[in-house]
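Student: The structure's right below; bear with me while I get my questions together.
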There are 2 protein chains.
Amino acid sequence: MLDIEIAQENEKTQMRPITEIGAQIGLSADDLENYGKSKAKLSFDALNRLRDQPFGKLVLVTSINPTPAGEGKSTVTVGLGDALNQRHQKAVIALREPSLGPVMGMKGGATGGGFAQVVPMEDINLHFTGDMHALTSAVDTLAALIDNHLQQGNELNIDPRRILWHRALDINDRALRNMVIGMGGPLSGVPREASFDITVASELMAVLCLAEDLADLKQRISRIVIGYTYAKEPVTVEQLQVTGAITMLLRDAIKPNLVQTLEHTPALIHGGPFANIAHGCNSVLATRSALQLGDIAVTEAGFGADLGGEKFLDIKTPVLKKTPDTIVLVATVRALKYNGGMALKDLTTESLDHLQQGFANLKRHIENMQQYHVPVVVAINRFTSDTDAEVAYLVDACQQLGVTAVPTTVWGDGGRGGLDLADAVLEALKQPSNFTPLYDVNQDVKTKIQTIVTKIYGGADVQYDAKALQSLKLIEQNGWDKLPICMAKTQYSLSDDPKQLGAPTGFTVHVRDITPKLGAGFLVVMTGNVLTMPGLPKHPAALDMDVTADGVISGLF
Amino acid sequence: MLDIEIAQENEKTQMRPITEIGAQIGLSADDLENYGKSKAKLSFDALNRLRDQPFGKLVLVTSINPTPAGEGKSTVTVGLGDALNQRHQKAVIALREPSLGPVMGMKGGATGGGFAQVVPMEDINLHFTGDMHALTSAVDTLAALIDNHLQQGNELNIDPRRILWHRALDINDRALRNMVIGMGGPLSGVPREASFDITVASELMAVLCLAEDLADLKQRISRIVIGYTYAKEPVTVEQLQVTGAITMLLRDAIKPNLVQTLEHTPALIHGGPFANIAHGCNSVLATRSALQLGDIAVTEAGFGADLGGEKFLDIKTPVLKKTPDTIVLVATVRALKYNGGMALKDLTTESLDHLQQGFANLKRHIENMQQYHVPVVVAINRFTSDTDAEVAYLVDACQQLGVTAVPTTVWGDGGRGGLDLADAVLEALKQPSNFTPLYDVNQDVKTKIQTIVTKIYGGADVQYDAKALQSLKLIEQNGWDKLPICMAKTQYSLSDDPKQLGAPTGFTVHVRDITPKLGAGFLVVMTGNVLTMPGLPKHPAALDMDVTADGVISGLF
């Protein structure tokens, strides 16, 4: 049975009015702005009332490096939330919003799977409450205002060759990576090189996810550097005098969205930067609300612990003003065997050898997370083809690192399949969490990058392209070097080479460029060949999608 | 007092829950999909139930050529609906959705003004229920799939130089009119010339507005010609195998949106093509629903009667399967004096001479509409600076053409200021309407264009560029010539030269190109310098917009 079929079947019979879900966590009907019967945004009044409420416990779910075999991190996050509720804990889930680009391409849903899903699945995966579209609109309105400034006399003396602000679409469209715009004569703009990113890679997405409230959003937007003058002085959104307009376009997008799991656990789904090209975490406002509305907030960071995990801990945590009490690392036997060199088609065959080889990847992530001095639990997302011997091997190997590993079957069983994991997490939550950041933000940029490369990736050196060094010089001249680092790196490997699986060492990370994101408050370090605009595959998922005359969707997953 | 201040003040105290507004016209809570407390979409169940319901009377509101002086067509439409309700008629209003491009640029709201507004004003003018964003997303997803087809081997043999499908953004951005995309080497697409239109100009907007239901939407999308092969054979969306995916993205956008006026008259706001570069009418589904839910539906067509009016009557009416029972032509003393050659700054001074000169414009539009054999009423949208003598002159001049002209003061007085107009409309509705189309769609393309130019614009000749003739040849070869004509022409003049005010004659209309829009079911004829992507002015409205920490918006208008 497909995820969409399970969702459609259960939504019909099981989904509760969103006002009931809100009531479970103390939200009145007035606290919610309904979008249909099963989605709602938290009102500003509700957010203001929550502002000074105490926090519950925080569980961060992250994973090993993703493989084509699938890890199911969102599925485990949802299943863990459901299991905690079955254990009579007041758990609230906080997830990211899916991006349409990969939905149309090949990624599949970001709403969990099987019986561990958030619903309404179709809505969440398509337009949801319009946050992604509002962001796209704001990103491109800002770009239009920049190009209009050039066209109308360029009072600020902006150098068209040094504009950092890219346009965005929530689409995988490689043809928009590099272009020349403004052609066609003096009435149609100033010709210049330009580029579109996927919306989730835009700084504005990061800004929305890191803003503490509307006032902070506005402050952050005003600080965004859109490019440089001919004299290489930075130009900000504030100087363009459009802070108000851009903030206005995001007035509703900043409000977290409330939905439910198939088992009626409340879930806040809000913000969705990718973890390879951005910081990979859902919004601070949603996570904070989950911490205030629940006794335990279960949240997820994108891709592996080297990307979303590290960025959650070093970028989001300082803004959130709450550090995780437990980190759950998701792994599958299949993915570890793939990491151990087994071919995709063979993964259903037992192989303790490949598992042992691939365990190096999990081991590295466990040790990485332990550096932060937060209790770690491993969740083994069990597939039917996993043998008992393989699972036993994994549990034992983790045990030897002092970490509890727990098999779960939440895809097939929902929360019931995650009860052991819930128990292990509850046990871990009793242990002390003495969070220690990986690096000191006051160190210089190269030192911070080297720390991440050495301590998280396991690499030896960092090599900088000429362009990166030029950018770094500008960053230092402007005094922006005391910001945290947001690495843009392939998700498939701990290194910057997607083909190096397992736990590579001794490699050199290649830095192509460094971009200041003053609104987000970090520096984006571009490594390897990672792209801020994905492409579509030869057979995009879109080709298999359909909708009936009655509005029933198929082929979404 | 600004429109936004009146709206904000009254929304707080007066706005009713949208379920109450629905109940007024027989819609249950289950018929509505709420978007917040004051917006809702009509569900498919509701639309299915309405399918075979009888129609009420149809009032079409159109106007003279717009001027910088302002005509207030939307304001009069809203005020007329309110006034009809004060006269105990069950009136339902059907309007277009505003586009963010002009909102950020200079146009101002599309939600009426003063005490004749639809609310919530801010929401409707910004993201509303996401229809415009869903369209943008669908347009650009289709474009990405086309470029991906080129990239992945180009099985259909599409000629990259002959792609008709443009990307779109709901933004005024002249720098995106002409560009070269796909640069940067073999991994980043196939280089080709490309273009963005404003979303409201996209064929997909017209398709959404003309679709009778989801099945028809799908049919129309499948027929869209996205370009030609190297052998000049047309390539359709169906051949790309993405009809299902694109339709799926519009599954919710096709449902009409229900809001209310400040006086609680139900208003369906849905679809928003511009009338200069597209067909300029709100959706068939919304107008039809208004006709079925009310005894009188009051709807509006974009810009002047030469554009939105003509297109409503010759393009929308055959699909709607309902012809107007009365046409209301909106004029202002100011705009007519401007048409008579008076400078903008002098318009507050009485001048019967300029008014008499400018009346030629109104006279032409009256006579044009009378050609359709539908009763015509003129609404004089009165400004405080209009003198009694000026208004009396206008009433008298219309009387001599056999047409009732009625002053209204709905901006300042709401429905109360439109009671005389409502009475005149109710009187007109008692007269027979013997609708006669302007041209026979089975005539050849040049004949149909000449008919519009002669009978509506008052022009003498049509001149075709070489490109237009080439396109026409392809259209005829493919048998697409029996379709209605959608003229793309400046809104400021009856001619294709925006500077020719009043009622010019003897001019030649220049046709630059003709584009087949098989999904919409018409041929777009590009004249003069009309552009499908507007630009921003030197001081865009965006520069004066703001939002407070509590979410209160200012500077929107």
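The values are calculated or read from the model by the stated rules, or taken from the named source; none is laboratory data. Everything numeric in this text was worked out from a predicted model, so none of it was measured. Heads up, the Cβs are rebuilt from the backbone with ideal geometry, glycines too, and the neighbour counts pull from every protein chain shown.
Student: Check B:L135, B:L187, B:L142 and return the single one that is at pLDDT 95 or above, in contact with a Ser or Thr (Cβ under 9 Å, 6 or more places away or on another chain) and either buried (at least 19 other Cβ atoms within 10 Å of the Cβ) or not charged (D, E, K, R) (or both).
Tutor: One residue alone meets the criteria, B:L135.
Student: Which of (1) out of contact with any helix residue (DSSP H, G or I) (no Cβ under 6 Å at 6 or more places or on another chain); (2) under 13 Å from B:I171 (Cβ atoms); (3) not aromatic (F, W, Y) is the odd one out, the single condition A:D147 does not satisfy?
Tutor: Of the numbered conditions (1) out of contact with any helix residue (DSSP H, G or I) (no Cβ under 6 Å at 6 or more places or on another chain); (2) under 13 Å from B:I171 (Cβ atoms); (3) not aromatic (F, W, Y), the odd one out for A:D147 is (1).
Student: When you scan segment A:350-359, do you find a residue that is assigned by TED's automatic domain parsing to the domain that holds A:L262 and in contact with a Ser or Thr (Cβ under 8 Å, 6 or more places away or on another chain), even just one?
Tutor: Within segment A:350-359, one or more residues are assigned by TED's automatic domain parsing to the domain that holds A:L262 and in contact with a Ser or Thr (Cβ under 8 Å, 6 or more places away or on another chain).
Student: How many residues are touching a Ser or Thr at 6+ places or on another chain (Cβ under 8 Å) and closer than 19 Å to A:G189 by Cβ if we restrict to segment B:196-214?
Tutor: Total meeting the criteria: 4.
Student: Check off (1) of a type outside the set (D, E, K, R); (2) in a helix (DSSP H, G or I); (3) more than 7 Å from chain B (Cβ to nearest Cβ) for A:S137 and give me the number that stays unchecked.
Tutor: Among (1) of a type outside the set (D, E, K, R); (2) in a helix (DSSP H, G or I); (3) more than 7 Å from chain B (Cβ to nearest Cβ), the lone unmet condition for A:S137 is (3).
Student: Of everything in segment A:533-557, what is closer than 23 Å to A:M1 by Cβ, over 28 Å from the mean Cα position of the chain (by Cα) and in a loop (DSSP other than H, G, I, E, B)? Give them in sequence order.
Tutor: A:T548, A:D550, A:G551, A:V552
Student: Here's something else I'd like to know. Among the residues of segment B:21-49, write down those that are outside any strand (DSSP E or B), among the charged types (D, E, K, R) and closer than 17 Å to B:I269 by Cα.
Tutor: Once the filter is applied, which keeps residues that are outside any strand (DSSP E or B), among the charged types (D, E, K, R) and closer than 17 Å to B:I269 by Cα, segment B:21-49 yields B:D31, B:K37, B:K39.
Student: Out of the residues in segment B:527-557 that are under 30 Å from B:I221 (Cα atoms) and without any contact (Cβ under 8 Å) to a residue 40 or more places away in the chain, which is surrounded by the fewest Cβ atoms within 10 Å (Cβ to Cβ)?
Tutor: Once the filter is applied, the top-ranked residue is B:N529.
Student: Right, another one. Which of (1) within 7 Å of chain B (Cβ to nearest Cβ); (2) under 17 Å from A:T229 (Cβ atoms); (3) surrounded by fewer than 22 Cβ atoms within 10 Å (Cβ to Cβ) is the odd one out, the single condition A:I163 does not satisfy?
Tutor: Result: A:I163 passes all but (1).
Student: If you take the residues in segment A:328-346 that are surrounded by 24 or more Cβ atoms within 10 Å (Cβ to Cβ) and among the aliphatic types (A, V, I, L, M), which one is farthest from A:G302 (Cα to Cα)?
Tutor: A:V333
Student: Would you call A:N157 surrounded by fewer than 18 Cβ atoms within 10 Å (Cβ to Cβ) and either more than 22 Å from B:R192 (Cβ to Cβ) or more than 7 Å from chain B (Cβ to nearest Cβ) (or both)?
Tutor: Against the criterion (surrounded by fewer than 18 Cβ atoms within 10 Å (Cβ to Cβ) and either more than 22 Å from B:R192 (Cβ to Cβ) or more than 7 Å from chain B (Cβ to nearest Cβ) (or both)), A:N157 qualifies.
Student: Any chance segment B:443-455 includes a residue that's in contact with a Pro (Cβ under 6 Å, 6 or more places away or on another chain) and either farther than 29 Å from B:G113 by Cβ or outside the structural domain of B:E71 (by TED's automatic domain parsing) (or both)?
Tutor: no
Student: Kindly indicate the residue of segment A:235-249 that is more than 7 Å from chain B (Cβ to nearest Cβ) and polar (S, T, N, Q) and also farthest from B:D544 (Cα to Cα) among those meeting that condition.
Tutor: A:T236
Student: Name the single residue that is surrounded by the most Cβ atoms within 10 Å (Cβ to Cβ) among those in segment B:385-420 being among the aliphatic types (A, V, I, L, M) and more than 17 Å from B:R334 (Cα to Cα).
Tutor: It comes out as B:V403.
Student: Still on this structure: Any residue in segment A:472-486 that's closer than 17 Å to A:V462 by Cα: show its pairings with residues that are of a type in the set (K, R) at Cβ separation under 6 Å, as long as the two are six or more apart or on different chains.
Tutor: A:I485/A:K448
Student: I'd like the full set of residues that are of a type in the set (A, V, I, L, M, F, W, C) and modelled with pLDDT of 95 or more, limited to segment A:527-541. Can you show your working first?
Tutor: The first filter runs over segment A:527-541 and keeps only residues of a type in the set (A, V, I, L, M, F, W, C), leaving A:530-531, A:533, A:536, A:541.
Across segment A:527-541, the qualifying residues are A:M533, A:L536.
Student: Need at least 2 residues that are within 25 Å of A:K538 (Cβ to Cβ) per element, so show me which strands (runs of 3 or more DSSP E) inside segment A:163-214 make the cut, counting only ones lying wholly within it.
Tutor: Those strands (runs of 3 or more DSSP E) span A:167-169, A:196-198.
Student: A further question follows. Condition first: surrounded by fewer than 23 Cβ atoms within 10 Å (Cβ to Cβ) and facing chain A (nearest Cβ under 10 Å). Now tell me which residues in segment B:195-213 satisfy that.
Tutor: Once the filter is applied, which keeps residues that are surrounded by fewer than 23 Cβ atoms within 10 Å (Cβ to Cβ) and facing chain A (nearest Cβ under 10 Å), segment B:195-213 yields B:S195, B:D213.
Student: Mind checking whether some residue in segment A:83-106 is of a type in the set (G, A, S), within 14 Å of chain B (Cβ to nearest Cβ) and assigned to a loop (DSSP other than H, G, I, E, B)?
Tutor: yes
Student: Restrict the check to segment A:214-222 and report whether at least one residue is at the interface with chain B (Cβ under 7 Å from one of its Cβ atoms) and touching a residue at least 12 places away in the same chain (Cβ under 8 Å).
Tutor: Yes: segment A:214-222 contains one or more residues that are at the interface with chain B (Cβ under 7 Å from one of its Cβ atoms) and touching a residue at least 12 places away in the same chain (Cβ under 8 Å).
Student: Can B:E122 be described as within 30 Å of B:L494 (Cβ to Cβ), acidic (D, E) and not in a strand (DSSP E or B)? Break it down stepwise before answering.
Tutor: Numbers: within 30 Å of B:L494 (Cβ to Cβ): no; acidic (D, E): yes; not in a strand (DSSP E or B): yes.
So B:E122 fails the test.
Student: Still on this structure, please answer the following. Given the options A:L419, A:L355, A:L394, name the one that is closer than 21 Å to A:V78 by Cα and either touching a helix residue (DSSP H, G or I) at 6+ places or on another chain (Cβ under 9 Å) or not in a helix (DSSP H, G or I) (or both).
Tutor: A:L419
Student: Residue by residue through segment B:491-550, note down the ones that are within 9 Å of chain A (Cβ to nearest Cβ) and among the charged types (D, E, K, R).
Tutor: B:K538, B:D544, B:D546, B:D550
Student: Collect the residues in segment A:39-73 that are among the hydroxyl-bearing types (S, T, Y) and at pLDDT 95 or above, keeping them in residue-number order.
Tutor: A:S43, A:T62, A:S63
Student: Report yes if some residue within segment A:83-103 is under 24 Å from A:L307 (Cα atoms), touching a residue at least 60 places away in the same chain (Cβ under 8 Å), crowded, with 24+ Cβ neighbours inside 10 Å and among the acidic types (D, E); otherwise report no.
Tutor: Yes, there is a match, as at least one residue in segment A:83-103 is under 24 Å from A:L307 (Cα atoms), touching a residue at least 60 places away in the same chain (Cβ under 8 Å), crowded, with 24+ Cβ neighbours inside 10 Å and among the acidic types (D, E).
Student: Okay, moving on. Can you tell me which of (1) of a type in the set (A, V, I, L, M, F, W, C); (2) within 24 Å of the chain's Cα centre (by Cα); (3) more than 9 Å from chain B (Cβ to nearest Cβ) is the one A:I171 doesn't meet?
Tutor: Failing condition for A:I171: (3).
Student: Given the criteria over 19 Å from B:Q500 (Cα atoms), crowded, with 24+ Cβ neighbours inside 10 Å and among the hydrophobic types (A, V, I, L, M, F, W, C), does B:L352 qualify?
Tutor: Judged against the criteria, B:L352 is not a match.
Student: Within the set of pairs 6 or more residues apart or between chains, which connect a residue that is facing chain B (nearest Cβ under 10 Å) inside segment A:26-37 to a residue that is assigned to a helix (DSSP H, G or I) and surrounded by fewer than 21 Cβ atoms within 10 Å (Cβ to Cβ) with Cβ atoms less than 6 Å apart?
Tutor: A:A29/A:T19
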